[in-house]
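Since the structure comes first, as structure tokens, the remarks are kept for the end.
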Amino acid sequence: MHINTKVFGEVEIDEDRIIRFGNGIVGFPELTEFALLHDDTSGKRAGIRWMQSIQEPAFAMPVMDPLDVIGDYNPEVDDELLRPLGTMHPEEMLVLVTITVPADIKKMSVNLRAPFIINGANRHACQVIAEGEQYQVRFPIYDILQAAKKAGE
């Protein structure tokens with residue numbers, strides 16, 4: 001299928017690459033189908049990707065692997081919330097968090113409290129709210145990303 005996106009222009013998305021959120025995502029329960037898009041021309045690891053809505057082509061959220069900013073990220077989540085995703089082995093699980101990029105880029109943050117959990121085997125997904133107070137909704141990442149960039153040069 002072809003969709004005209006805000007970030008990438010017109011893209012083709014294979015039906016078997018669609019990620020399905022049974023209950024939508026926080027704040028947008030009507031949006032249940034997404035695709036992960038990224039700039040694959042850089043030759044680098046994906047880093048920041050875009051969770052692109054299939055139903056609303058103008059809606060896309062920047063996302064990233066939380067392990068890129070907190071190496072021991074492991075939120076507690078009620079197993080019942082993950083049941084709709086089906087049987088999932090650890091190597092099939094993809095966890096992503098949303099990125100907020102305000103006008104002052106130095107205040108860029110990720111939401112560690114409400115990750116997306118994706119079963120890579122069947123592409124079923126959900127957004128969960130992590131239990132406890134360990135993870136922030138606005139965890140600053142600018143300095144972490146800058147340090148990683150310098151280390152990779």
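Observations on the model:
- Just one of (1) part of a strand (DSSP E or B); (2) touching a Ser or Thr at 6+ places or on another chain (Cβ under 8 Å); (3) at pLDDT 95 or above fails for VAL11. It is (3).
- Filter pass, ASN122 being within 18 Å of the chain's Cα centre (by Cα) and under 15 Å from LEU36 (Cα atoms): yes
- Top-ranked residue of the range 40-66 - restricted to ones that are within 12 Å of the chain's Cα centre (by Cα) and either open to solvent by 60 Å² or more (accessible area, probe 1.4 Å) or more than 19 Å from VAL101 (Cβ to Cβ) (or both), ranked as modelled with the highest pLDDT: TRP50
- Filter result for ARG20 (part of a loop (DSSP other than H, G, I, E, B) and among the basic types (Lys, Arg)): no
- For the range 78-95, the count of residues that are closer than 18 Å to PRO29 by Cα, open to solvent by 70 Å² or more (accessible area, probe 1.4 Å) and in contact (Cβ under 8 Å) with a residue 60 or more places away in the chain is nonzero.
- Residue ID - most open to solvent (accessible area, probe 1.4 Å), chosen from residues in the range 23-37 that are assigned to a loop (DSSP other than H, G, I, E, B) and not aliphatic (A, V, I, L, M): ASN23
- Here ALA35 fulfils each of the conditions (1) under 28 Å from ALA147 (Cα atoms); (2) free of Cβ contacts under 8 Å to residues at least 40 places away in the same chain apart from (1).
- Residue within the range 5-20 that is under 16 Å from the mean Cα position of the chain (by Cα), under 15 Å from ASN119 (Cβ atoms), open to solvent by less than 40 Å² (accessible area, probe 1.4 Å) and touching a residue at least 24 places away in the same chain (Cβ under 8 Å) present: yes
- Contacts under 9 angstrom Cβ, first residue in the range 131-142 being within 11 Å of PRO75 (Cβ to Cβ), partner open to solvent by 90 Å² or more (accessible area, probe 1.4 Å), 6 or more apart: GLU131/GLU76; GLY132/GLU76; GLN134/GLU76
- Selection over the range 47-58 of residues that are more than 30 Å from GLY152 (Cα to Cα) and without any contact (Cβ under 8 Å) to a residue 40 or more places away in the chain gives a count of 3.
- Residue in the range 111-122 that is more than 17 Å from ASN23 (Cβ to Cβ) and open to solvent by 80 Å² or more (accessible area, probe 1.4 Å) present: no
The values are calculated or read from the model by the stated rules, or taken from the named source; none is laboratory data. Fair warning: this is a prediction, and the values are worked out from it, not measured in the lab. Every residue, glycine as well, gets a Cβ built from its backbone with ideal geometry; the counts of neighbours run over all protein chains shown. Calculation scope for accessible area: heavy atoms of the full protein, side chains included, ligands and nucleic acids excluded. Shrake-Rupley method; radii C 1.70, N 1.55, O 1.52, S 1.80 Å.
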